[in-house]
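Reading through the structure tokens given below for one structure.
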């Protein structure tokens, strides 16, 4: 994998805590299903600002909610 000089790459809005490794758990699911991961906001292209990409998360139940993450560690709902 290549590196980048873009500071937002390591900002809180571009980071998710995942279970598993690159081959197991949620991390493995994302690595094995990259198209879905981009659609759900779990992976973000270097061309995109991670603060502007909606992320699907589990929100106190089995349903996914869409939020935006900020660099202070917060999250904000995205209108359906």
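Key figures for this structure:
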item	result
Candidate set from segment 22-80 (those that are touching a strand residue (DSSP E or B) at 6+ places or on another chain (Cβ under 6 Å) and in a loop (DSSP other than H, G, I, E, B)); member that is surrounded by the most Cβ atoms within 10 Å (Cβ to Cβ)	41
The one condition in (1) modelled with pLDDT under 90; (2) surrounded by 12 or more Cβ atoms within 10 Å (Cβ to Cβ); (3) not in a helix (DSSP H, G or I) that residue 1 fails to fulfil	(2)
Extreme residue, surrounded by the fewest Cβ atoms within 10 Å (Cβ to Cβ), among residues of segment 4-20 that are part of a loop (DSSP other than H, G, I, E, B) and in contact with a helix residue (DSSP H, G or I) (Cβ under 6 Å, 6 or more places away or on another chain)	19
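The values are calculated or read from the model by the stated rules, or taken from the named source; none is laboratory data. Quick caveat: nothing in here was measured; it's all calculated off a predicted structure. Every residue, glycine as well, gets a Cβ built from its backbone with ideal geometry; the counts of neighbours run over all protein chains shown.
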